[in-house]
1. Take the conditions modelled with pLDDT of 95 or more, open to solvent by less than 80 Å² (accessible area, probe 1.4 Å) and either over 19 Å from residue 11 (Cα atoms) or within 10 Å of the ligand (Cβ to nearest atom) (or both) and apply them to residue 34. Does it pass?
2. Looking only at the stretch 99-137, which residues are touching a residue at least 24 places away in the same chain (Cβ under 8 Å), part of a strand (DSSP E or B) and open to solvent by 100 Å² or more (accessible area, probe 1.4 Å)?
3. Please enumerate the residues belonging to the stretch 18-31 that are more than 19 Å from the chain's Cα centre (by Cα) and surrounded by 12 or more Cβ atoms within 10 Å (Cβ to Cβ).
4. Among the residues of the stretch 104-127, how many are touching a Leu at 6+ places or on another chain (Cβ under 7 Å) and away from the ligand (no atom under 16 Å from the Cβ)?
5. Checking residue 49 against (1) open to solvent by 20 Å² or more (accessible area, probe 1.4 Å); (2) out of contact with any strand residue (DSSP E or B) (no Cβ under 7 Å at 6 or more places or on another chain); (3) among the hydroxyl-bearing types (Ser, Thr, Tyr); (4) within 16 Å of the ligand (Cβ to nearest atom), which test does it fail?
6. Given the condition in a helix (DSSP H, G or I), touching an Asp or Glu at 6+ places or on another chain (Cβ under 6 Å), charged (D, E, K, R) and touching a residue at least 40 places away in the same chain (Cβ under 8 Å), answer yes or no: does some residue in the stretch 33-40 qualify?
7. Within the stretch 70-98, take every residue that is within 16 Å of the ligand (Cβ to nearest atom) and open to solvent by 70 Å² or more (accessible area, probe 1.4 Å) and give me the one that is nearest to residue 27 (Cα to Cα).
8. When residue 66 is evaluated against the numbered criteria (1) at pLDDT 95 or above; (2) within 19 Å of residue 122 (Cβ to Cβ), which criterion, by number, is the only one it fails?
Amino acid sequence: MILGVGTDLANIDRIAGTLERFGDRFRNRVFTEIEQAKAERRLDTVGTYAKRWAAKEACSKALGTGLRMGISWKDMAVSNLRTGQPIMHVTGWAAQRLQEMTPEGHEAIIHVTLTDDHPWAQAFVVIEARPIAAMPG
Ligand SMILES: CC(C)(COP(=O)(O)OP(=O)(O)OC[C@H]1O[C@@H](n2cnc3c(N)ncnc32)[C@H](O)[C@@H]1OP(=O)(O)O)[C@@H](O)C(=O)NCCC(=O)NCCS
């Protein structure tokens, strides 16, 4: 069953402006080390940050919270499988919220997909609950 969906469109030029203005303060507040490492070693550094920004916004919508004051952005983090497919990890408040919205006997799976085409970066997040197979005996 689907527990939540979220989407976001981020303006890459706006993210570029924020990076220029706030530098490491913005980077370290919003992005994990894995996210920063991926963005900084790419030619399209800003586009990579913008996709991950969109993913965090989309995830907060799928979690039903939106981005409230005081929440940690780094508790919603994107990494990539070897195939390039993005995956979303949640920790802290986001993991707690995910647990609260997951019905008993189910596990939650977060699906995320990203794309960008300057000046836009887009993310969709779908949260699925799958029944956990009953233990035999
Ligand atoms: C996946 C692919 C279609 C992306 O197309 P694109 O036009 O270059 O880029 P888009 O902006 O639309 O999408 C990029 C995002 O797609 C996602 N993506 C990449 N590979 C993916 C895959 N195998 N499955 C699902 N999503 C994937 C990533 O999130 C990526 O953004 P990120 O690297 O910043 O996380 C293209 O890279 C492709 O065909 N790759 C397959 C071949 C390949 O390069 N494999 C290398 C690893 S074996």
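The values are calculated or read from the model by the stated rules, or taken from the named source; none is laboratory data. All of these numbers come straight from a predicted model, not from anything done at the bench. Using ideal geometry, Cβ is built from the backbone for each residue, glycine included, and neighbour counts are taken over all protein chains shown. Only protein heavy atoms, including side chains, enter the accessible area calculation; ligands, DNA and RNA are left aside. Shrake-Rupley method; radii C 1.70, N 1.55, O 1.52, S 1.80 Å.
1. Values: modelled with pLDDT of 95 or more: yes; open to solvent by less than 80 Å² (accessible area, probe 1.4 Å): no; either over 19 Å from residue 11 (Cα atoms) or within 10 Å of the ligand (Cβ to nearest atom) (or both): yes.
No: the conditions fail for residue 34.
2. 120, 130
3. Matches in the stretch 18-31: 22 only.
4. Final tally of qualifying residues: 2.
5. For residue 49, the failing item is (1).
6. From the stretch 33-40, those in a helix (DSSP H, G or I) are 33-40; that's our starting set.
Filter again for touching an Asp or Glu at 6+ places or on another chain (Cβ under 6 Å), leaving none.
No, there is no match, as no residue in the stretch 33-40 is in a helix (DSSP H, G or I), touching an Asp or Glu at 6+ places or on another chain (Cβ under 6 Å), charged (D, E, K, R) and touching a residue at least 40 places away in the same chain (Cβ under 8 Å).
7. Of the stretch 70-98, the ones within 16 Å of the ligand (Cβ to nearest atom) are 76-89.
Adding the requirement that they be open to solvent by 70 Å² or more (accessible area, probe 1.4 Å) leaves 81-83, 85, 89.
Details: 81: 22, 82: 24, 83: 26, 85: 23, 89: 18 Å.
So the residue we want is 89.
8. So the condition that residue 66 fails would be (1).
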